[in-house]
Amino acid sequence: MLIVAGCADPEPTERRAPGGQAAGERLGAEESSPTARPVTIGEGGARFAACQGRGRVGGLRGAELPVRDAPFDGARQVGALTDDTQVFVCTRSLDQQWLGVVVGQFPATTTAAQGAAAPPTDEPAPSATPAVDCGVTRPVRTKQPYSGPCLSGWVENTFVASVAN
């Protein structure tokens with residue numbers, strides 16, 4: 001009887017935030033994960049982009065999606081993403097529940113409301129290319145940890161939808 005009681009979820013799922021932990025229980029930024037794992041780029045080989053996929057964060061319902069330094073709930077949070085944030089998907093965890101991503105800072109897109117024409121501006125039209133070159137759209141010679149200028153880490157697969165390149 002004691003063994004069965006030890007398997008119960010100590011906290012109902014509906015009280016958990018994205019990231020699988022209750023709000024306020026995350027590791028602080030000053031604490032490091034003993035099992036930190038960098039995002040790997042170049043898994044497709046030397047003929048393909050360092051990160052072969054793109055995704056868009058969604059379904060957070062007003063919350064933020066933690067970016068962690070390893071593919072598990074208890075890993076240190078290194079950043080947070082909001083709905084509609086675009087990411088480069090570079091790798092996956094073995095269980096496919098976590099994505100290793102690089103977060104490019106894409107220009108904001110503006111849409112006209114109900115078919116109305118957007119006001120003219122002198123700014124160039126927004127594009128699907130990031131404002132900062134994260135270095136993941138070009139091939140790399142070998143599989144390697146990402147060490148570029150953009151935020152990288154692990155996010156839950158559930159909150160990232162694939163988008164066309």
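Values in this text are rule-based calculations from the coordinates and carry no lab data. These numbers were taken from a predicted model, which means no experiment stands behind them. Note that we place each Cβ from the backbone using ideal geometry, even for glycine, and neighbour counts take in every protein chain shown.
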(request) Set the Förster distance to 30 Å, then compute FRET efficiency between GLN97 and VAL132 from the Cβ-Cβ distance, nearest 0.05. (result) 0.60
(message) Order these by the 10 Å Cβ neighbour count, fewest first: VAL155, VAL57, VAL132.
(response) VAL132, VAL57, VAL155
(message) Loop-only trypsin sites (Lys or Arg not before Pro) in the stretch 47-97, please: DSSP not H, G, I, E or B, and at most 13 other Cβ atoms within 10 Å.
(response) ARG47, ARG61
(request) Count charges around PHE48 for me, please; just the other residues with Cβ under 15 Å from its Cβ, Lys/Arg as +1, Asp/Glu as -1. (result) +4
(request) Please check which bits of the stretch 143-157 a label hung off GLU43 would reach, taking the label as a point 7 Å along Cα-to-C-beta and the cut-off as backbone N under 15 Å. (result) 143-146, 153-157
(request) Using label points projected 7 Å from each Cα along Cα→Cβ, tell me how many nm separate PHE72 and LYS143, to one decimal. (result) 2.1 nm
